[in-house]
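The values are calculated or read from the model by the stated rules, or taken from the named source; none is laboratory data. Not measured: the values here are computed from a predicted model. Counting neighbours? That spans all protein chains shown, and the Cβs are built from the backbone with ideal geometry, glycine included. Areas reflect the complete protein model, heavy atoms only, side chains present, ligands, DNA and RNA absent. Shrake-Rupley method; radii C 1.70, N 1.55, O 1.52, S 1.80 Å.
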Amino acid sequence: ANGTVARREGELIELVMASLRRGGNVLLPVDASGRVLELLLVLGRHWERQRLGSAYNLCWVGSMSWNTIEFARSQLEWMAAPLGAQFDSQRGHPYALKAFNICSTIAELDAIVDASNGNPTVALASGATLDSGPARDLLLRWSENPDNAV
């Protein structure tokens, strides 16, 4: 099962990176909790290992993003053993999310993109069903460009 998870994570990262290298943006619609925490760890780890922060923006957009991450940070003892081990080994809290820009609004995301001179952006955005929220707004904004990906 772990091999399957690692393969899927690798495939996700390859798809994301392919769009970014073309100059496109990537929209990952997410729910306010649940799988988003896993995606934050996978993408954040890749950004830090590969030192991608100066070339590409990695953002989490949603009105509840700050609340969700604060809750996740406070619940470390309930998470998988490797996360606790990371914290215990002084490597830092797994949800420090140094590679991420956490935004409550699309306007905050726009400011980050503008400050980076328009660098390609990965946005984990609330609204997993794409019928409302930042995910819908970004879908409408980014859907015309074939270099972008959802």
Points 7 angstrom from Cα along the Cβ direction at residue 114 and residue 12: gap in nanometres?
3.1 nm
Work through the residues other than residue 62 whose Cβ is under 14 Å from its Cβ and net out their charges, Lys, Arg +1 and Asp, Glu -1.
-2
Around residue 57, which amide H atoms from residues at least 5 apart in sequence, or from another chain, sit under 5 Å from its own amide H, with H modelled in the peptide plane?
121, 122
Simple spin-label estimate for residue 147/residue 22, 7 Å along Cα→Cβ, in nm, reads 1.0 nm
For a quick check: with amide H placed at 1.01 Å from N, whose amide H comes under 5 Å from residue 28's, ignoring anything fewer than 5 positions away on the same chain?
123, 124, 125
Ranked order, 113, 5 - accessible area, probe 1.4 Å, largest first
5, 113
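Provide the gained length on full extension for the span residue 132 to residue 54, in nm with one decimal, where the gain is 0.36 nm per separating residue minus the Cα-Cα distance.
Numbers: separation 78, 0.36 × 78 = 28.08 nm, distance 3.04 nm.
The residue 132-residue 54 span can extend by a further 25.0 nm.
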